[in-house]
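Q: This structure is in structure tokens; I'll ask about it shortly.
The values are calculated or read from the model by the stated rules, or taken from the named source; none is laboratory data. All values derive from a computational prediction rather than experimental measurement. Ideal geometry is used to build each Cβ from the backbone, glycine not excepted, and the neighbour counts take in all protein chains shown. In case anyone asks, the SASA skips ligands and DNA or RNA and just uses the protein heavy atoms, side chains included. Shrake-Rupley method; radii C 1.70, N 1.55, O 1.52, S 1.80 Å.
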Amino acid sequence: MMIRPRRNRQNEVIRSMVRENFLSPAQLIAPLFVIEGKDQKIPIKSMPGYDRLSIDKLVTEAKELYSLGVKSVALFPAINDNLKTANARESYNSEGLNARAIRAVKEALPDMMVMGDIALDPYSSDGHDGLVDPKTGEILNDATLEVLALQAICEAKAGVDIVGPSDMMDGRVGFIRDALDREGFHNTMIMSYTAKYASGYYGPFRDALDSAPKKGDKKTYQMDPANGEEALREAALDEAEGADILMVKPGLPYLDIIYRLKQSFTLPIAAYNVSGEYAMVKAAAQNGWIDHDKVMMENLMCFRRAGADVILTYHAKEAARLLNN
Ligand code: PBG
């Protein structure tokens, strides 16, 4: 035999010499759930090892992440039910939980990258990402854009580096870009949830925030899991509207979408390794059915191989610990 591919795999020095992809804590964004109160750390049942944190604990967690090299966080506030309204006005309250959490992290760690989510579901009594027509139940695209813009400005004022529109309304990237620029926030970045699918993998996240839709589903705005071409169309729009980073969500079942976006666009690509993907790894590992660390690191590396530059993952801290060893 002249050609023996195994020669390139014969020991770790050779393997690491020819390795094609690398994973670093700098590429990870840790999503964090925030609640009201002090000294609160409330476990999320469907996300073993993950908690909702009061702002003081959130800052402690952010500092720990930062020291491990995970210098980026995405904040998701769990809003009290009595503040949820049909118009989701709490979403742009400059003294609300979200704005206070952003300010607290930026105050403690000015160099940490803080990303804020843009969507109405945590603040809406309907549990939808957009405003709902009370008569027809329709999710109102253009009226929602106005609220999303207020939310983006509120987060920018609180100090976010990136806003992440996860709402999937048409035209929102351009609308938010305009609104930010008009207020002088031309450096605030937009990481668009470009290809966000109507997925069953968001279940544990909705438990964490108690944000499931009260009626219906999200299929009129989130994408059909059967579609790939449509992701390219969404990406072209987001690029034209001024997105700085394109994201695919969920992650692992959609590696083909990550790959296609990476091949077709020059913008950085992010992947969201969502709550249900995390829960599956934890559940199987708790049962002794898989090796937790091996599967976690394999999953994260597969995102990189598929073309993701950035990975949002609930594994950020535990993965960084392993990478640093
Ligand atoms: C809200 C939002 C969701 C997630 C991120 N932002 C849930 C949804 O769209 O219902 C899901 C993240 C996860 O499952 O980890 N618009």
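Q: Under 9 Å between Cβ atoms, at least 6 apart or on separate chains: pull out the pairs that start in segment 296-325 with a residue that is under 24 Å from A208 (Cβ atoms) and at pLDDT 95 or above and end on any residue that is assigned to a loop (DSSP other than H, G, I, E, B) and aromatic (F, W, Y).
A: Within 9 Å, the pairs are Y314/Y50.
Q: Do you know which residues across segment 5-29 are β-branched (V, I, T) and open to solvent by less than 60 Å² (accessible area, probe 1.4 Å)?
A: Listed by number, the residues that qualify are I14, I29.
Q: If you don't mind, there's one more thing I want to ask. Just the residues that are part of a loop (DSSP other than H, G, I, E, B) and surrounded by fewer than 20 Cβ atoms within 10 Å (Cβ to Cβ), please, taken from segment 308-325.
A: D309, N325
Q: Could you grab me the full set of residues in segment 94-124 that are assigned to a loop (DSSP other than H, G, I, E, B) and either in contact with a strand residue (DSSP E or B) (Cβ under 6 Å, 6 or more places away or on another chain) or open to solvent by less than 30 Å² (accessible area, probe 1.4 Å) (or both)?
A: G96, L109, M112, A119, L120
Q: What residue, of S91, S67, S54, is open to solvent by 20 Å² or more (accessible area, probe 1.4 Å), at negative phi and hydroxyl-bearing (S, T, Y)?
A: After applying the criteria, what remains is S67.
Q: Being of a type outside the set (S, T, N, Q) and in a helix (DSSP H, G or I) is the filter here; which residues of segment 78-93 pass it?
A: Within segment 78-93, D81, L83, R89, E90, Y92 meet the criteria.
Q: Another question about this same structure. Condition (residue is hydroxyl-bearing (S, T, Y), within 23 Å of P250 (Cα to Cα) and either in a loop (DSSP other than H, G, I, E, B) or within 14 Å of the ligand (Cβ to nearest atom) (or both)) applied to segment 161-173: is it met by at least one residue?
A: yes
Q: Mind checking which residues of segment 191-235 are of a type in the set (G, A, S), touching a residue at least 60 places away in the same chain (Cβ under 8 Å) and either farther than 24 Å from M280 by Cβ or open to solvent by 50 Å² or more (accessible area, probe 1.4 Å) (or both)?
A: Within segment 191-235, G200, G216 meet the criteria.
Q: Could you please find all residues in segment 140-157 being open to solvent by less than 10 Å² (accessible area, probe 1.4 Å) and either in contact with a Lys or Arg (Cβ under 6 Å, 6 or more places away or on another chain) or among the polar types (S, T, N, Q) (or both)?
A: Answer for segment 140-157, where residues must be open to solvent by less than 10 Å² (accessible area, probe 1.4 Å) and either in contact with a Lys or Arg (Cβ under 6 Å, 6 or more places away or on another chain) or among the polar types (S, T, N, Q) (or both): T144, L148, Q151.
Q: Still on this model: So if I check each of G174, G137, G127, which one is touching a residue at least 60 places away in the same chain (Cβ under 8 Å) and surrounded by 20 or more Cβ atoms within 10 Å (Cβ to Cβ)?
A: Exactly one residue qualifies, and that residue is G127.
Q: Mind listing whichever residues of segment 195-220 are at pLDDT 95 or above, in contact with a strand residue (DSSP E or B) (Cβ under 6 Å, 6 or more places away or on another chain) and over 17 Å from G130 (Cβ atoms)?
A: A195 - this is the single residue of segment 195-220 that is at pLDDT 95 or above, in contact with a strand residue (DSSP E or B) (Cβ under 6 Å, 6 or more places away or on another chain) and over 17 Å from G130 (Cβ atoms).
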